2 protein chains.
Amino acid sequence: MKIITISREFGSGGRELGKRLADILGYAYYDREIITAIAENKKLNENYIEKILEKGSLKGYPLKFGRTFSSSYSITQQNMTQILVEQQKIIKEIAVRENCIIVGRSANVILKEHNPLNLFVYADMESKIIRCYKYAAEKENINEKELIKKIKQVDKERALFNELISNTKWGNKEGYSLCINTTGLEIKELAFVIADYAKYWFGGNIK
Amino acid sequence: MKIITISREFGSGGRELGKRLADILGYAYYDREIITAIAENKKLNENYIEKILEKGSLKGYPLKFGRTFSSSYSITQQNMTQILVEQQKIIKEIAVRENCIIVGRSANVILKEHNPLNLFVYADMESKIIRCYKYAAEKENINEKELIKKIKQVDKERALFNELISNTKWGNKEGYSLCINTTGLEIKELAFVIADYAKYWFGGNIK
């Protein structure tokens with residue numbers, strides 16, 4: 001199977017790039033779909049899973065599991081472990097089923113032995129702010145200072161999650177095949193050249 | 001002018017990529033040519049300039065200039081400053097003269113206001129070792145341990161040189177438009193997709 005993983009800074013356009021690549025290449029696209037699958041398999045609420053996986057609920061919980069089982073948060077800890085294990089299982093199942101693009105979830109680490117094309121998408125802060133405002137829901141009223149804080153916070157959580165399952169640091173270029181700075185670029189057009197890069201990479205990879 | 005700068009880890013194939021891009025795009029190629037130009041302009045020996053610029057002779061010299069003028073190495077210091085100033089001058093002259101590809105010399109920093117396409121080329125150590133042996137002159141007899149040491153040393157000097165003129169760290173993805181991991185890739189084929197990326201980038205850049 002041909003697998004593309006996309007890791008991305010919040011606001012860099014990585015998700016849009018993933019969707020567009022999936023369209024151009026005819027690959028399956030996975031992002032939130034993974035949460036839905038976990039919810040179904042584990043009979044859990046999607047929002048709860050999302051909170052555990054994405055909204056920083058890792059914060060405050062010890063990163064090593066299985067030490068204490070006496071307090072009430074042990075249940076959450078256990079749930080978190082279960083969710084993470086389930087997520088890895090689902091991602092590995094997807095990887096043997098079809099050509100796909102997986103956004104986030106440290107899929108580059110989880111699918112290492114499948115030798116995926118690992119993209120990292122980033123941009124300068126100014127560019128990320130512009131993109132965030134452009135795509136923000138109308139009801140979202142957030143000032144620039146708060147937005148910068150949010151961007152940094154989300155990325156910090158992504159880095160932390162990556163640390164949980166990997167020895168390599170999130171965002172360090174060594175962990176990726178191609179790192180794309182989207183500052184000043186239109187994702188719509190960018191997607192076509194990256195699709196060409198992917199075609200080359202899967203065909204020309206001598207490994 | 002359309003300018004592509006290439007920064008690269010030693011052994012990653014960055015120089016070959018630069019030459020091939022120049023061929024495909026019809027751009028002028030600058031690498032050692034800059035040293036020749038400095039030598040002509042400053043009436044200095046090419047090997048001497050190369051030693052100052054590339055072979056680690058920065059090591060041991062204070063990075064801030066103009067403090068002492070009493071010792072014998074002050075002459076070398078002065079020469080180094082002159083050479084660096086001359087190099088910057090030449091690089092800036094090239095940038096307004098023709099579409100070009102400049103390898104190394106922190107041209108990405110020097111030409112910042114020209115908004116060049118800044119590439120960083122890297123690879124894992126195993127891949128760099130293979131490439132180095134493949135292109136080594138027959139007389140060069142170097143064992144793997146020595147080669148790894150050399151690769152690290154050259155990159156360290158490049159990083160140091162970059163530090164001299166820039167606030168951004170050499171190799172940090174934030175300083176580049178695209179970071180390309182060449183592990184397992186053939187530069188000959190890679191050059192064509194990167195040339196396409198360059199065409200897109202110069203056409204599609206909204207800045």
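Peptide A:167-173 has a mean of 2 when you count, residue by residue, the C-beta atoms of other protein chains within 10 Å of its C-beta. Going by a 1.4 Å probe on protein heavy atoms, which residues of the stretch B:81-126 end up with at least 50 Å² less accessible surface in the whole assembly than in their chain alone? The answer is B:Y122 - residues whose exposure falls by at least 50 Å² when every protein chain is included. A 1.4 Å probe run over the protein chains yields, for the stretch A:147-207, 48 Å² of accessible area per residue, whole-number rounding.
How many square angstrom of accessible surface are buried between B and A, both sides summed, with a 1.4 Å probe and rounding to 100? Approximately 2400 Å² gets buried when B meets A.
The values are calculated or read from the model by the stated rules, or taken from the named source; none is laboratory data. Worth saying up front: this structure is predicted, and the values here are computed from it rather than measured. A quick note on method: Cβ atoms are made from the backbone with ideal geometry, for glycine too, and the neighbour counts reach across all protein chains shown. These area figures cover heavy atoms from the full protein model, side chains too; ligands, DNA and RNA do not enter into them. Shrake-Rupley method; radii C 1.70, N 1.55, O 1.52, S 1.80 Å.
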